[in-house]
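In what follows, a structure is listed as structure tokens, so that the remarks can point back to it.
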Amino acid sequence: MDDETAWVQAGATLGELYHNIANKSDSHAFPAGLCPSVGVGGHISGGGIRPSGRKNHECERRDPRQGIDGRGSFLGHQRRGGASFGIILAWRVQLVRVPPLATNTQNKPIFARVYFNSLFLGNAKDLLELMNTNFPELGLQEADCEEMSWINSTLYFSSYTNQPLEILLNRTMKYKVNSMKGKSDFATVPLPKSAYHGINERLVKENSEREFVQHIWDEGEKEKKHLKWSREMYDFMEPYVSSSPQRAYLNYRDLDLGFQKKGERSYSRAIGWGEKYFNGNFERLAKVKKMVDQDHFFGDMQSIPPIS
Ligand SMILES: Cc1cc2nc3c(=O)[nH]c(=O)nc-3n(C[C@H](O)[C@H](O)[C@H](O)COP(=O)(O)OP(=O)(O)OC[C@H]3O[C@@H](n4cnc5c(N)ncnc54)[C@H](O)[C@@H]3O)c2cc1C
């Protein structure tokens, strides 16, 4: 703890990481995803987002990892898509300092059935003052706020409030069985009202209480109908989000963006998803891929192909 870092092996879950840090220190944390049973291996190598992750984003908080690339050499690079370059064995992560109290909020629906959820690193009094000065339109009230330690906020966000912390160590945690389709966009400028109206209409039409980026439905319901809805919502959002390329989040793998069959390695086809996931870095990553894994040993349906 002296250097405020921790080693985590790629086979650990996020819950195990959170739990082990909390065991050593109540003033340190590593902000990563919401669901404790998600694996560190794919999550960190793909980015990782969560409340407070913007400020303390783990992408900036990783150190040289241990890994083996396609040539069997040591990997010391950062920010690559997992599964394209090699196997990562462990990360040294930079911990962030957290105060004794964090405040979680969930207030009334803002529009349709959309809630404003947040995590504030501080007490409710300070948060209310800040929010009511800067975002009075959200109407945040004391009753919407719940103070707890950072580690308990991991339970809150994974819907395990009031459960013992040891639940974070459960690697086979069962969620309500659902089917899910994930699509993602990056909004780089504030959405205009017309976008909110369109989102509202579509949420009401689908009778959905779930967020539209990850559309979740009960197993057994008609899959085609829900997939169609997700794709229509994605098409509707296109004019309002990043363009040239329209960006996507690597950890919400979306095979609608294209994919390759086993053994295929077409760079021009991979541009379809590669530029969305990696933006202007895609070509450079494909050149690095050529250097470290020209046989494309580490390949999956959307991995980075080698080019010269
Ligand atoms: C219930 C749930 C909740 C989620 N919540 C969030 C969230 O809050 N925030 C967020 O950002 N994302 C979230 N995600 C997305 C999650 O980050 C990705 O699904 C991530 O890829 C999961 O990693 P994994 O190791 O568990 O999965 P895997 O399917 O095992 O791995 C994903 C990819 O990474 C590669 N990989 C895994 N380990 C290694 C390794 N050691 N070396 C090299 N490559 C490796 C795999 O080959 C695969 O291509 C969530 C996913 C689920 C299922």
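The values are calculated or read from the model by the stated rules, or taken from the named source; none is laboratory data. As the structure is a computational prediction, the values presented were derived from the model and not from experiment. Here the Cβ positions follow ideal geometry from the backbone for every residue, glycine too, while neighbour counts run over all protein chains shown.
If we keep just the residues of segment 131-140 that are under 26 Å from the mean Cα position of the chain (by Cα) and part of a helix (DSSP H, G or I), which is modelled with the lowest pLDDT? Before the answer, list the steps.
Kept after step one, since they are under 26 Å from the mean Cα position of the chain (by Cα), are these residues of segment 131-140: 131, 135, 138, 140.
Of the ones still in play, those that are also part of a helix (DSSP H, G or I) are 131, 138.
On the way: M131: 92, L138: 83.
Among residues in segment 131-140 that are under 26 Å from the mean Cα position of the chain (by Cα) and part of a helix (DSSP H, G or I), the one modelled with the lowest pLDDT is L138.
Residues in segment 13-66 that are assigned to a strand (DSSP E or B), within 12 Å of the ligand (Cβ to nearest atom) and modelled with pLDDT of 75 or more: T13, G39. Against the list (1) assigned to a helix (DSSP H, G or I); (2) buried (at least 18 other Cβ atoms within 10 Å of the Cβ), the condition A143 fails is (2). The set of residues in segment 146-174 that are loosely packed, with under 15 Cβ neighbours inside 10 Å and hydroxyl-bearing (S, T, Y) comprises S159, T161, T172.
Of all residue pairs spaced 6 or more apart or on separate chains, those with beta-carbon atoms under 7 Å, a first member in segment 286-305 that is within 12 Å of the ligand (Cβ to nearest atom) and a second member that is outside any helix (DSSP H, G or I) and of a type in the set (S, T, Y) are F298/S84; S303/S84; I304/S84. Could you tell me whether any residue of segment 166-180 is in contact (Cβ under 8 Å) with a residue 60 or more places away in the chain and among the acidic types (D, E)? So far as segment 166-180 goes, yes, one or more of its residues are in contact (Cβ under 8 Å) with a residue 60 or more places away in the chain and among the acidic types (D, E).
Report, by residue number, each residue of segment 23-36 that is in contact (Cβ under 8 Å) with a residue 12 or more places away in the chain, surrounded by fewer than 19 Cβ atoms within 10 Å (Cβ to Cβ) and over 11 Å from L95 (Cα atoms). Within segment 23-36, K24, D26, L34, C35 qualify.
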